[in-house]
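What follows is a set of notes on a single structure, which appears directly below.
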Amino acid sequence: RGRGVMGDARHADEGRRQAYLAALGIPLWSARVELPGALPAPPLAFAPYVADAAPAHLAPPAFAPAASAPSPLPAPAAPPAGAAVRDPDVREAAAAPAMPVPRPAAIGAGATAVPAAPVSGDPPRLACRVQALAPGWSAVIDLGDAPDLAAAEYRLLDSIARALGAAELPGGQGETLRWPLNRNPALDHGREAMRAWLRHALRLPPGLCLVLGEALAAELQSALGGRPLVAGPGLGELLADTGAKRRLQLALAGQWPQGSHA
């Protein structure tokens, strides 16, 4: 009684197969969307064989093909009364009563909602370069809004390093830190969060640290506590103002090595 497994014969056998499964009380499952890479599926609506009509108590209902729009997926057939269901999942689903979906309860007057993450409206901004400067010295340089130091600022930083005892400005050892880390409004970008981040992100070697940028030095002093810092004007201010150079000399006066000169 076998028919071909290809073409229309396979699709015709599908009608009888689904009729048998429905009569046995086995739910039928079909994909709701086209599966990528799958073979073409037989139509969902069809008419079973007239010549193979089943007995009256097993005769399945006839299905007519849809005219234009595809017919909706049929709901899984429920097993007839007294029929044994072999699949334990199907048996549990058939035996379990329909449970109503609970609706979310409204928050009463005495209830408290979970607070959202703090959002800072105007977060502080920080951008600095951290690098070795001279033996026993490291530097934290305020970058402002610039991505890196200008050529003239690098030359001035090299002069400061030589005045502190270095043969030349160490290269290839810098690290840039920027705050805020991202633009996620659900995260805390406030000043205390920035200082907590600085305590973990700012890895300074032992020794003295020269901070070039007086506003930046105040933030680092609050974040690092007792770490010895020597604060001075930023490199841009040092290039533009002779008085700023004098302030840097005074800041370094107590730490200046003997015999060196600016």
Result of the Cβ filter at 8 Å on the stretch 162-191, keeping first residues that are in contact (Cβ under 8 Å) with a residue 12 or more places away in the chain and β-branched (V, I, T) and partners that are open to solvent by less than 80 Å² (accessible area, probe 1.4 Å) and part of a loop (DSSP other than H, G, I, E, B), at least 6 apart or interchain, is T176/L143; T176/D148
Checked L187, L181, L149 against criteria (over 18 Å from V130 (Cβ atoms) and part of a loop (DSSP other than H, G, I, E, B)); the one match is L187
Note on the stretch 178-189: residues under 17 Å from L220 (Cβ atoms) and surrounded by fewer than 17 Cβ atoms within 10 Å (Cβ to Cβ) are R178
Please go through the stretch 204-223 and give me each residue that is out of contact with any helix residue (DSSP H, G or I) (no Cβ under 7 Å at 6 or more places or on another chain), open to solvent by 40 Å² or more (accessible area, probe 1.4 Å) and in contact (Cβ under 8 Å) with a residue 24 or more places away in the chain, ordered by number. P205, L208, A215
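Just the residues that are open to solvent by less than 70 Å² (accessible area, probe 1.4 Å) and either at positive phi or under 30 Å from the mean Cα position of the chain (by Cα) (or both), please, taken from the stretch 149-177. Steps first, please.
Quick first cut of the stretch 149-177, residues open to solvent by less than 70 Å² (accessible area, probe 1.4 Å) only: 149-154, 156-161, 163-166, 169-171, 174-177.
Scanning the stretch 149-177 gives G165, G174, E175, T176, L177.
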If you go through the stretch 190-201 one residue at a time, how many are in contact with a helix residue (DSSP H, G or I) (Cβ under 6 Å, 6 or more places away or on another chain) and either surrounded by 14 or more Cβ atoms within 10 Å (Cβ to Cβ) or among the hydroxyl-bearing types (S, T, Y) (or both)? 2
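The values are calculated or read from the model by the stated rules, or taken from the named source; none is laboratory data. All values reported here derive from a predicted model rather than from experimental measurement. Cβ coordinates were reconstructed from backbone atoms using ideal geometry, including for glycine residues, and neighbour counts include every protein chain displayed. Keep in mind that these areas ignore ligands, DNA and RNA; they rest on the heavy atoms of the full protein, side chains included. Shrake-Rupley method; radii C 1.70, N 1.55, O 1.52, S 1.80 Å.
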